[in-house]
2 protein chains.
Amino acid sequence: MSKILTGKNTTQKDVIAKKAAVLFRVKWYKATSMRELADAVGVEAPSLYNHIGSKSELLQVICFKVANNFTAHLSGVENAAGNIVGKIEAILRFHIKMMLDNFDEVFVANHEWKYLEASSLDNFLNQRHNYEKRLVALIEKGITKKELRKHNPYVIVLTILSAVRGLEFWQRHKRNIDPQALEDTMVSHLLNGIIK
Amino acid sequence: MSKILTGKNTTQKDVIAKKAAVLFRVKWYKATSMRELADAVGVEAPSLYNHIGSKSELLQVICFKVANNFTAHLSGVENAAGNIVGKIEAILRFHIKMMLDNFDEVFVANHEWKYLEASSLDNFLNQRHNYEKRLVALIEKGITKKELRKHNPYVIVLTILSAVRGLEFWQRHKRNIDPQALEDTMVSHLLNGIIK
């Protein structure tokens with residue numbers, strides 16, 4: 001969890017951030033006003049400021065909540081016992097679940113991060129870059145251990161992350177596909193394609 | 001090729017559409033002026049109108065050129081001899097090549113189609129929807145023929161199209177990866193993941 005979410009107003013701030021994520025996704029960050037956000041939360045605009053400092057702070061809360069969730073999960077996977085294939089499967093399932101269960105937040109973190117303020121922006125991009133590097137290292141390890149076919153590990157990571165991110169389109173015009181079937185199909189496809 | 005590209009001004013129009021695709025990608029369609037386009041082509045703004053009717057017509061030329069290329073390729077694959085796995089491989093390689101060799105046009109068709117005028121918009125979306133349906137039908141055929149694992153064919157198509165589209169991100173911060181190695185890695189990953 002983001003440090004920013006551990007203050008004494010955590011709960012109310014969390015509720016506001018959740019509503020903000022929906023608005024930032026549907027209307028985009030730039031076009032969302034604090035007035036609209038207050039309406040969505042069901043309070044007067046001035047009382048929003050009891051809980052959050054600015055619209056920009058909300059974007060920061062959302063982006064780092066998502067980034068920290070992914071980083072924390074990856075650290076857990078790296079430190080756990082088990083083979084590389086099992087670790088990649090766990091990461092894939094986590095990405096798919098995040099896309100399905102926290103769609104608004106992940107969408108905003110994927111698209112609207114560019115409006116973060118300078119210091120947060122650097123921090124966010126470093127965290128994301130670092131995450132990708134750790135994924136590439138994991139794939140490299142799997143190749144060395146002969147669990148995975150010998151391929152360019154960066155391309156493997158790109159393929160996996162892009163495929164999962166494509167669930168954005170699925171969300172927009174949902175079909176009658178059971179989420180578990182969707183997850184299992186994607187995991188089978190993306191994992192069997194690299195297993196030796 | 002788009003019918004619109006077969007008029008007597010094909011060549012000059014083609015050059016203009018190519019320049020327009022770069023501008024529409026870098027600056028977005030909405031923010032690009034005919035003046036900037038004229039500068040990029042190296043002519044006075046009025047003389048652009050000897051070749052094209054409007055900015056909107058250029059967007060139409062670009063989007064349908066891309067859509068028609070994909071549709072024509074798919075028809076060729078469908079009508080050719082060979083097994084389903086070979087057909088899917090051909091489609092995958094074509095998608096990757098289009099992303100790498102016609103990046104500006106494909107990017108514009110992927111992102112800016114929403115600014116097409118009403119009648120073109122319907123036409124474009126129908127063509128795209130139809131393309132997806134034909135891909136799903138091909139995967140279904142592969143499952144029936146026991147060439148492919150039994151999975152939800154729509155999810156397979158979503159995974160493949162999303163993974164290939166992710167090359168957008170790769171283009172933006174290019175690494176030192178040989179295009180052929182990139183293509184081969186993606187094809188192996190996405191194909192071996194579904195072969196029975």
task: Considering the options B:Ala45, B:Val77, B:Phe64, tell which one lies farthest towards the positive end of the dipole of chain B, charges being +1 on Lys and Arg and -1 on Asp and Glu at the Cβ, about the Cα centre.
output: B:Val77
- prompt: So for segment A:97-186, taking the charge dipole from beta-carbon charges (+1 Lys/Arg, -1 Asp/Glu), which of A:His151, A:Leu135, A:Ser119 sits furthest toward the positive end?
  reply: A:His151
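In debye, nearest 20: dipole of segment A:97-174 around its Cα centre with unit charges on the Cβ of K, R (+) and D, E (-)?
Numbers: 13 positive and 10 negative charges, 125 e Å.
Roughly 600 debye, rounded to the nearest 20.
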Reachable aspartates and glutamates, given that their alpha-carbon falls under 13 Å from the alpha-carbon of B:Lys27 and they are not under 8 places away in the same chain: B:Glu36, B:Asp104, B:Glu112
query: What gaps in nm, shortest first, separate B:Lys146 from its twins in the other copies when you place the label 7 Å past Cα toward the beta carbon?
result: 3.1
statement: Here, B:His129 and B:Ala31, labelled 7 Å along Cα→Cβ, have an inter-label distance in nm of 3.2
For the A-to-B rotation axis, chain A residue with nearest beta carbon and its distance in angstrom: A:Gly193, 1
query: A:Lys97: which aspartates and glutamates have alpha carbons under 18 Å from its alpha carbon, excluding same-chain residues fewer than 8 sequence positions away?
result: A:Glu89, A:Glu105, A:Glu168, A:Asp178, A:Glu183, A:Asp184
- line: Taking the label point 7 Å from Cα along the Cα-Cβ vector, the copy-to-copy distances for B:Gly76, listed from shortest in nm with one decimal, are 4.9
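Step through the table entries A:Lys150/B:Lys65; A:Lys87/A:Lys146; B:Lys133/B:Lys196; A:Lys87/A:Lys196, compare each Cα-Cα distance with 26 Å, and write down the pairs that go over it.
Values: A:Lys150/B:Lys65 37 Å; A:Lys87/A:Lys146 15 Å; B:Lys133/B:Lys196 22 Å; A:Lys87/A:Lys196 15 Å.
Cα-Cα > 26 Å for A:Lys150/B:Lys65; rest within.
Pairs of Cα atoms under 8 Å, at least six residues apart: use those to get the relative contact order of chain B, whole percent.
Relative contact order for chain B comes out at 23 percent.
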- request: Please determine, in degrees from 0 to 90 and to the nearest 10, the orientation of helix A:179-192 with respect to the longest principal axis defined by the Cα atoms of chain A, where the helix direction is its Cα long axis.
  value: 40
- prompt: Which angle from 0 to 90°, rounded to the nearest 10, does the C-alpha axis of helix B:10-27 make with the longest principal axis of chain B?
  reply: 80
task: Set the Förster radius R0 to 41 Å, insert the Cβ-Cβ distance between A:Val43 and B:Ser56 as r into 1/(1 + (r/R0)^6), and round the FRET efficiency to 0.05.
output: 0.40
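What's the magnitude of the charge dipole for chain B around its Cα centre, counting Lys and Arg as +1 and Asp and Glu as -1 at the beta-carbon? Answer in Debye, nearest 20. It would help to have the intermediate numbers written out before the result.
On the way: 28 positive and 20 negative charges, 92 e Å.
For chain B, the charge dipole is close to 440 debye.
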- prompt: When each copy gets a label point 7 Å from Cα toward the beta-carbon at A:Arg35, what are the spacings between them in nm, shortest first?
  reply: 3.2
task: Pop a pseudo-label 7 angstrom from the Cα along the beta-carbon direction at both A:Ala181 and B:Val85 and give the gap in nm to one decimal.
output: 2.6
message: As I understand it, the value is the acute angle between the Cα axis of helix A:84-101 and the longest principal axis of the Cα atoms of chain A; what does it come to in degrees, rounded to 10?
response: 30
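Taking the Cα centre of the protein assembly as shown as origin, work out the dipole magnitude from +1 charges on Lys and Arg Cβ and -1 charges on Asp and Glu Cβ, in debye rounded to 20. Mind showing how you got there, number by number?
Values: 56 positive and 40 negative charges, 126 e Å.
For the protein assembly as shown, the charge dipole is close to 600 debye.
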- prompt: How about segment A:111-165: which GluC sites (Glu not before Pro) there are in a DSSP loop, with at most 16 other Cβ atoms within 10 Å of their Cβ?
  reply: A:Glu117
- line: If each K or R counts +1 and each D or E counts -1, the residues other than A:Leu148 whose Cβ falls under 14 Å of its Cβ total +4
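Readers should treat all values here as calculations from the given coordinates under stated rules, not as data from a laboratory. Keep in mind that what you see is a predicted model, and the values were worked out from it rather than measured. All Cβ positions, glycine included, derive from the backbone under ideal geometry; neighbour counts span all protein chains shown.
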